[in-house]
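Data block below; observations after.
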């Protein structure tokens, strides 16, 4: 398949931000990479249409693929997480607290219902307006505001009530 140079420029410029969005939608780096790869392939096939608003086009694909992934996950047995390896964190690192904070936010996002998580990711991480988020998710602006309000309240609860040994902790 021949790829337009403008598509290559788009991927080079936006793939990091789109990977972050995919990661926040899925909560898993490996699944996020797969999701983004699939989304970019679909966008490349329809680049003549997608080039008008490539960010919105790829975001829509990411949201749709995350829906599909969730449906698939409910149909198969759940995966058991591997225990954390304490040998990987044997030295004191100044950035370790930031990693723990990031992990706490990602864990809390994963605890939200799918639609609430999508609204939070699109509104606050992708910095889309209420109207853009509503259009992307195919709902009303009131629904976006409602989901955002509930999600933020739940995130506050989850992040305020963190146990000493949180499920996301590496220590």
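Can you find, within region 147-164, the residue that is modelled with the lowest pLDDT among those that are under 15 Å from residue 103 (Cβ atoms) and assigned to a helix (DSSP H, G or I)?
Once the filter is applied, the top-ranked residue is 159.
Name the single residue, out of those in region 121-146 being touching a residue at least 40 places away in the same chain (Cβ under 8 Å) and in a helix (DSSP H, G or I), that is nearest to residue 57 (Cα to Cα).
Restricting to residues being touching a residue at least 40 places away in the same chain (Cβ under 8 Å) and in a helix (DSSP H, G or I), the top hit is 136.
Could you check how many residues of region 34-49 are touching a residue at least 24 places away in the same chain (Cβ under 8 Å) and farther than 16 Å from residue 24 by Cβ?
Of the residues in that region, 6 qualify.
Among the residues of region 66-85, is there at least one that is part of a helix (DSSP H, G or I), buried (at least 16 other Cβ atoms within 10 Å of the Cβ) and modelled with pLDDT of 75 or more?
Yes - at least one qualifying residue is present in region 66-85.
Please go through (1) without any contact (Cβ under 8 Å) to a residue 60 or more places away in the chain; (2) surrounded by fewer than 16 Cβ atoms within 10 Å (Cβ to Cβ); (3) part of a helix (DSSP H, G or I) for residue 20 and return the number of the only condition it doesn't satisfy.
Here residue 20 clears every test but (1).
The values are calculated or read from the model by the stated rules, or taken from the named source; none is laboratory data. These numbers come from a predicted model, not from an experiment. Ideal geometry is used to build each Cβ from the backbone, glycine not excepted, and the neighbour counts take in all protein chains shown.
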